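To start, the structure under review is shown below, and the notes come after it.
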Amino acid sequence: METAEFIETLDREGRLLAAAAAAAAEAGTDAKVPTCPQWQVRDLLRHMGTVHRWAAAFVAEGHTAHRPVGGLPDLDGAELMDWFREGHRYLVGILSSAAPDVECWQFLPAPSPLVFWARRQAHETAVHRVDAESARGGAPSAIDPAFALDGIDELLCGFHARPRSRVRSGEPRLLRVRATDENGGAWTVRLSAEPPVTERDGPADADCEVSGPAAQLYLALWNRRPFPQVTGDTSVAALWSGKSAV
């Protein structure tokens, strides 16, 4: 996907998140978020508003080293909703106007820092939009299959390639992830006592395969939905679900 597509998706997902959170918050911002049981709607909005501002600062101010995420605001109700929307608009504006060769810190491989931040924030916002919609209730908004495939790749080849991944197995295991869409993809994840190693289109002979439409797999790998289909040793899929929280 191109940078502009990620920014467009970020814009859309943030608006959907705000709308779902506002609907859920009609019963109060202490409404529960079923997909994140430890959170209430206010926690979700505070988290996302803070992350959006944190991400925007790297691009806007050119920080070339890691800076910690700031503290959460002591806001609630309509004031909190307005604060979230303001931060989301600010991030979209910063990314839209940034020079393609902007230099700043990034924490996953990407062609450029701008691509990294546009991609990362689009996926961060999409997953948490699903959380907001779970608090609101009703059918969730659709996720584009191409975007979902990109998100699966980012999660497997980016997040869980890092030393901090907790998905470890004392016995070497192979997990196959396969999207069944017309233009789907497949990944083979090698699990061991070391960080997972993912190979795109790797060997199909695995201990366990999780498969289904890309959008459903995307949410399942982020622990927002059950896996659509699991074949082989189900304990391998359970290992992922139990250890993969980022």
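A few notes on this one:
- Any pair with Cβ under 7 angstrom, 6 or more apart, that starts in region 150-162 at a residue that is closer than 13 Å to His123 by Cβ and ends at one that is in a helix (DSSP H, G or I) and open to solvent by 30 Å² or more (accessible area, probe 1.4 Å): Glu154/Arg119
- Filter pass, Thr35 being out of contact with any strand residue (DSSP E or B) (no Cβ under 9 Å at 6 or more places or on another chain) and either at pLDDT 95 or above or surrounded by 15 or more Cβ atoms within 10 Å (Cβ to Cβ) (or both): yes
- In the set Leu72, Leu16, only one residue is open to solvent by 40 Å² or more (accessible area, probe 1.4 Å), in contact with a Ser or Thr (Cβ under 7 Å, 6 or more places away or on another chain), closer than 25 Å to Leu95 by Cα and assigned to a loop (DSSP other than H, G, I, E, B); that residue is Leu72.
- Take the conditions (1) out of contact with any strand residue (DSSP E or B) (no Cβ under 8 Å at 6 or more places or on another chain); (2) open to solvent by less than 50 Å² (accessible area, probe 1.4 Å); Leu239 misses just one of them, which is (1).
- Considering region 132-141, the residues that are in contact with a helix residue (DSSP H, G or I) (Cβ under 7 Å, 6 or more places away or on another chain) and modelled with pLDDT of 95 or more include one that is most open to solvent (accessible area, probe 1.4 Å), namely Arg136.
The values are calculated or read from the model by the stated rules, or taken from the named source; none is laboratory data. Computed from a predicted structure; not experimentally measured. Neighbour counts are summed over all protein chains in view; Cβ atoms, including those assigned to glycine, are modelled from backbone coordinates with ideal geometry. For the accessible areas, the whole protein counts, side chains as well, though only heavy atoms, and no ligand, DNA or RNA atoms are used. Shrake-Rupley method; radii C 1.70, N 1.55, O 1.52, S 1.80 Å.
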